[in-house]
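Here the structure is laid out as structure tokens; the discussion comes afterwards.
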Amino acid sequence: MTAAEKVVRTYAQPTLSADAWAQQMTPLLSQSGAVAYDGQDPTTIPAHKVTGTATVLPGATDVALNVKVPTDAGDYTVALSRSGTSAPWLADEIRPATGG
């Protein structure tokens, strides 16, 4: 899933300043995602790059889905949502994947 890979590529930039990181991330985040990641310190993010192809996880709908994205620090799960089928996918949450 292209949107999730772009989110994680942008998220996984621990060498950026907090302001530069936020400026790049904000357009990719939903309103709840923007609130959740406000003030994020990118130096605390262990991932540096996407290392493979994203996989949509079971339970996807036309307006919400979870995508597993492999990185150099393990898999991350990105929760994406959109307001309608023609709206862009935006990230609500980016977190290290748990389980398989």
Quiz item: of a type in the set (Ser, Thr, Tyr) and open to solvent by 40 Å² or more (accessible area, probe 1.4 Å), is that true of THR10?
Solution: no
Practice problem: Could you give me the residue pairs with C-beta distances under 6 Å whose first residue belongs to region 52-64 and is among the hydroxyl-bearing types (Ser, Thr, Tyr), whose second residue is at pLDDT 95 or above wherever it lies, and which are 6+ apart or on separate chains? | Solution: THR55/LYS68
Practice problem: Would you tally the residues in region 62-100 being among the polar types (S, T, N, Q) and under 8 Å from the mean Cα position of the chain (by Cα)? | Solution: 1
Exercise. Just need a number here: residues in region 52-82 that are more than 16 Å from LYS6 (Cβ to Cβ), in a loop (DSSP other than H, G, I, E, B) and not hydroxyl-bearing (Ser, Thr, Tyr).
Key: 7
Quiz item: Across region 13-54, what is the total count of residues that are open to solvent by less than 70 Å² (accessible area, probe 1.4 Å), closer than 20 Å to THR71 by Cβ and touching a strand residue (DSSP E or B) at 6+ places or on another chain (Cβ under 7 Å)?
Solution: 9
Quiz prompt | Single residue of region 62-88 satisfying the filter (at pLDDT 95 or above and hydroxyl-bearing (Ser, Thr, Tyr)) that is surrounded by the most Cβ atoms within 10 Å (Cβ to Cβ) | solution = TYR76
Quiz item: Which residues, counting only those in region 5-38, are among the aliphatic types (A, V, I, L, M) and either out of contact with any Lys or Arg (no Cβ under 8 Å at 6 or more places or on another chain) or farther than 24 Å from THR51 by Cβ (or both)?
Solution: VAL7, VAL8, LEU16, ALA18, ALA20, ALA22, MET25, LEU29, ALA34, VAL35, ALA36
Practice problem: For THR51, state whether it is at pLDDT 95 or above and more than 15 Å from GLU93 (Cβ to Cβ). | Solution: yes
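The values are calculated or read from the model by the stated rules, or taken from the named source; none is laboratory data. Just so we're clear, the structure is a prediction, and the values are computed from it rather than from any experiment. A quick note on method: Cβ atoms are made from the backbone with ideal geometry, for glycine too, and the neighbour counts reach across all protein chains shown. The accessibility values were calculated without ligands, DNA or RNA, using every heavy atom of the protein model including side chains. Shrake-Rupley method; radii C 1.70, N 1.55, O 1.52, S 1.80 Å.
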